[in-house]
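Structure first, then comments.
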Amino acid sequence: MKKLLLIFLIGILTFQTTWSQSHELTIQPKLDQYFLATQTKDWKTVLDMINPKIFSLAPRDMMEQMYSQMENEAGMRFDFENMKVLDFKEGLVLTDTIYVPVDYSMTMDIYLNPDLYSTEKEIQQLYESFQITYLGQGIQFIKENLKFSLDIKNTLIASSPLNQESWTFLEYKANDPLTSFLLPTEVIDRLQRGWIE
């Protein structure tokens, strides 16, 4: 009897590990594509791969235009480097969709246009707004290059209709009120508890 119980438990553990790994195997290639599109600023591809619920808040055309004009009009150049996956969490199935949190890290350098950001007060205001937006992340200002360098660790929520493996991604921001419009309450609650059941 004990042998049967042990075999049963090992079987369950093996199934859970294989189940998690199968998601990892299908998500990773899509993530590689998403990371590459972000680093090369291929915003059309990025928008193809984000969770389409975001377009209920802002139309896709508007978002594509905003991304394309961001560097010219805001006077900042964004460079994304060293994007890598840190961990895949266990998937959560809700109705007909599976959600898989993916912890990742990257370096984001923000170069300022000296014609638009020339005073210490302007730079300090930017620094304070970055502290709010990127709460808890490492933020450095390098005066010689007129750039902010951010070491970011965050979570993407990969989601797909069940049994379709058509993954899309959404950045999880704990301090962003829009998150509650884009993710189910059950997902947010588990994220806030550290993805513990």
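Quick notes on this structure:
- If the condition is being more than 19 Å from residue 87 (Cβ to Cβ) and open to solvent by less than 20 Å² (accessible area, probe 1.4 Å), then the range 154-197 contributes 179, 182.
- Test: residue 74 is open to solvent by less than 50 Å² (accessible area, probe 1.4 Å), farther than 29 Å from residue 164 by Cβ and of a type in the set (Gly, Ala, Ser): yes
- Yes/no for residue 89 being under 19 Å from the mean Cα position of the chain (by Cα) and either farther than 16 Å from residue 159 by Cα or surrounded by 15 or more Cβ atoms within 10 Å (Cβ to Cβ) (or both): yes
- Of the residues making up the range 139-153, those that are under 25 Å from residue 87 (Cβ atoms) and open to solvent by less than 40 Å² (accessible area, probe 1.4 Å) are 139, 149, 150, 152.
- Residue within the range 70-83 that is among the aliphatic types (A, V, I, L, M) and in contact with a strand residue (DSSP E or B) (Cβ under 6 Å, 6 or more places away or on another chain) present: yes
- Whenever a residue of the range 60-86 is farther than 20 Å from residue 113 by Cβ, its partners that are basic (Lys, Arg), lying with C-beta atoms within less than 8 angstrom and at least six residues away or across chains, give the pairs 64/44; 86/153.
- Only one of the numbered conditions (1) assigned to a strand (DSSP E or B); (2) of a type in the set (Ser, Thr, Tyr); (3) open to solvent by 40 Å² or more (accessible area, probe 1.4 Å) is violated by residue 67, and that is (1).
- Condition met for residue 101 (closer than 27 Å to residue 190 by Cβ, of a type outside the set (A, V, I, L, M) and either touching a residue at least 12 places away in the same chain (Cβ under 8 Å) or open to solvent by less than 40 Å² (accessible area, probe 1.4 Å) (or both)): yes
- Each residue in the range 70-86 was checked for being assigned to a strand (DSSP E or B) and on the phi > 0 side of the Ramachandran plot, and 1 of them qualify.
- Selection from the range 40-63 of residues that are part of a helix (DSSP H, G or I) and over 26 Å from residue 28 (Cβ atoms): 56, 61, 62
- Restricting attention to the range 111-167, the residues being of a type outside the set (Phe, Trp, Tyr), touching a helix residue (DSSP H, G or I) at 6+ places or on another chain (Cβ under 6 Å) and in contact (Cβ under 8 Å) with a residue 60 or more places away in the chain number 2.
- Pairs meeting the criteria (first residue in the range 28-54 and under 21 Å from residue 87 (Cβ atoms) and free of Cβ contacts under 8 Å to residues at least 24 places away in the same chain, second residue surrounded by 15 or more Cβ atoms within 10 Å (Cβ to Cβ) and aliphatic (A, V, I, L, M), beta carbons under 8 Å, at least 6 apart or on different chains) are 33/49.
- Scanning the range 165-192 for residues that are at pLDDT below 90 and farther than 17 Å from residue 135 by Cβ yields 165, 181.
The values are calculated or read from the model by the stated rules, or taken from the named source; none is laboratory data. Predicted model, so just to flag it, every value in this text is computed and none were measured. Cβ sites come from the backbone with ideal geometry, for glycine too, and all protein chains shown count toward neighbours. All accessible areas refer to the heavy atoms of the entire protein, side chains included, with ligands and DNA or RNA removed. Shrake-Rupley method; radii C 1.70, N 1.55, O 1.52, S 1.80 Å.
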